[in-house]
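Take a look at the structure below.
Computed from the coordinates by the stated procedures, all read-outs in this text should not be read as laboratory data. Nothing here was measured: the structure is a model prediction, and the numbers come from that model. Virtual Cβ from ideal backbone geometry, glycine too; neighbours counted across all protein chains shown.
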Amino acid sequence: MTEIEIGRGKRGRRAYSFDDIAIVPSRRTRDPEEVSTAWQIDAYRFEMPVIAAPMDSVASPSTVIELGRRGGLGVLNLEGLWTRYEDPEPLLAEIAELDPDAATARMQQIYDEPIKPDLITARLAEIRAAGVTVAGALSPPRTKQLWKTVVDAGVDIFVIRGTTVSAEHVSSQIEPLNLKQFIYELDVPVVVGGCATYQAALHLMRTGAAGVMVGFGGGAAHTTRSVLGVAVPMASAVADVAAARRDYLDESGGRYVHVIADGSVGRSGDLAKAVACGADAVMLGSPLARAQEAPGHGFHWGLEAHHGELPRGARVEVGTIGTLEEILFGPSRRSDGTMNLVGALRRAMATTGYTDLKEFQRIEVVVQ
């Protein structure tokens, strides 16, 4: 690929964000009713490629259940307020009322409460009792401590999510999580990430992961780019990881690893472009935080926002624009791509003549 000279001592590859590309219609069109947005990971089938991000402003037990009943997948943050407090609702309301200058410090105090394993069990049991797919997320350090509690609680899909997750973490202080051994010994499918490069994704796929999440530092509530200088434009990142999936499919003799775009998907057009670049599904944060049912009360934040030593996120106000049903399926009262996300994806697929997501991954895109 063409590299650009940044200076005499450094060259860089040009990368593209979703805003930099556009989908090109083909010679055929279809009726939206004839399009399927379903996808499947392991034994679990979902009617739409939407995953609720494991963030306290997005996913509570009730919103996870509601999304599951509508054909999506909700992932509960097992390091969040729901596993630290019996009743986190007053604290969620307090966070929404905090002065911006005091928000980070107060959130650090709130999240200093220890995680309680019995609450992990209780929250996952509540989701399971509702009859939807049970998914919970831990960071790599917490996975070593709490994985048995999560598995014993009956999780269906285990998510290991961090700003960046590698298959070769090096530490002289502690014994790092051996992803390959961990996944091999686990009886449930594991989704792991984030990553943003071909090589990192290929290594994660070789651990046996069922899915790989693409992206870090690009979400609406992240300041990773400002704090660490780390970011990769998502269109290029998804396309690179999709290429790793293709090559791993050949290398492994047919094992398909799902690619999940995680970050920088704020509008329905971004969702369509993510699939067009090769994603099987998209993890959404801020779009779902705008729902009336969202636990963030119109605000949005992630784990990085209250890191005890180096916060790499912020509590941002996203507002409330409608119900979860309206945001996902309409009817939309806005023309900015923030409502009827699945309907827009379905229409984008129909406009370009594709009937399912895997076909739509082959659509032509152009750089604007």
| Under the Karplus relation 6.51 cos²θ - 1.76 cosθ + 1.60, θ = phi - 60°, what is the ordered set of whole-Hz ³J(HN,Hα) values for segment 253-268, x standing for Gly and Pro? | x, x, 7, 9, 10, 7, 9, 10, 6, 10, x, 6, 9, x, 9, 4
| note | Subtracting the Cα-Cα distance of Val367 and Ser335 from 0.36 nm times their residue separation yields 9.2 nm
| query | ³J(HN,Hα) across segment 329-334 via Karplus (A = 6.51, B = -1.76, C = 1.60, θ = phi - 60°), whole Hz, x for Gly/Pro? | reply | 10, x, x, 8, 10, 10
| said: Placing +1 on the Cβ of each Lys and Arg and -1 on the Cβ of each Asp and Glu in the chain, which of Leu138, Gly162, Pro90 has its Cα farthest towards the positive end of the resulting dipole? | reply: Gly162
| Quick one: which of Lys10/Lys273; Lys180/Lys358; Lys273/Lys358; Lys144/Lys273; Lys148/Lys180 span more than 25 angstrom between C-alpha atoms? | Lys10/Lys273; Lys180/Lys358; Lys144/Lys273
| Taking the DSSP beta bridges in the chain as the whole, what percent of them are antiparallel, to the nearest 5? | 35 percent
| said: Quick check for me: using +1 on Lys/Arg Cβ and -1 on Asp/Glu Cβ, what's the dipole size of segment 1-143 about its Cα centre, in debye to the nearest 20? | reply: 1000 debye
| said: Just to check, using Stokes-Einstein with a Kirkwood Rh over alpha carbon pairs, what's the diffusion coefficient of segment 18-367 at 4 °C and 1.567 mPa s in µm²/s? | reply: 64 µm²/s
| query | Which whole-number percentage describes the relative contact order of segment 26-143, with Cα contacts under 8 Å and a sequence gap of 6 or more? | reply | 26 percent
| What is the set of long-range amide H partners of Val212 at a cut-off below 5 Å, with H atoms built 1.01 Å from backbone N? | Val192, His258, Val259, Ile260
| query | Can you tell which of Arg11, Arg267, Arg255 shows the greatest fluctuation in a Gaussian network model of the chain with Cα springs below 10 Å? | reply | Arg11
| request: Identify, among Gln199, Gly74, Val24, the residue whose Cα sits farthest towards the positive end of the charge dipole of segment 18-367, taking +1 on the Cβ of Lys and Arg and -1 on the Cβ of Asp and Glu, with the dipole about the Cα centre. | output: Val24
| said: Taking the Cα centre as origin and putting +1 on Lys and Arg beta-carbons and -1 on Asp and Glu beta-carbons, what dipole magnitude results for the chain, to the nearest 20 debye? | reply: 1120 debye
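Relative contact order for segment 308-354 using alpha-carbon pairs under 8 Å, separation at least 6, rounded to a whole percent?
About 23 percent, as a whole number.
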| remark: Reduced to Cα centres, the span from segment 71-106 to segment 242-303 in Å works out to 22 Å
| request: Among Gly269, Gly229, Val318, flag the residue with its Cα farthest along the positive direction of the charge dipole of segment 18-367, charges on Cβ as +1 for Lys/Arg and -1 for Asp/Glu. | output: Gly269
| message | Need the C-alpha centroid separation for segment 326-354 versus segment 1-29, integer Å. | response | 26 Å
| Points 7 angstrom from Cα along the Cβ direction at Lys148 and Ser62: gap in nanometres? | 3.5 nm
| Can you give the relative contact order of the chain as a percent, counting alpha carbon pairs under 8 Å and 6+ residues apart? | 23 percent
| request: Provide the FRET efficiency to the nearest 0.05 for the Lys10-Tyr44 pair, computing r from the beta carbons and using R0 = 45 Å. | output: 0.50
| task | Go ahead and run the numbers for FRET between Ala22 and Val230, Cβ-Cβ distance against an R0 of 30 Å, rounding to 0.05. | result | 0.65
| note | Sorted on mean Cβ neighbours within 10 Å (highest first), peptides 153-160, 82-89 come out as 153-160, 82-89
| message | Cut-off is 10 Å between beta-carbons; in what order do Val188, Val366, Val134, Val316 appear when sorted fewest neighbours first? | response | Val366, Val188, Val316, Val134
| message | What does the extension gain come out to for Glu34 and Gln199, with contour length at 0.36 nm per residue minus their alpha carbon separation? | response | 55.7 nm
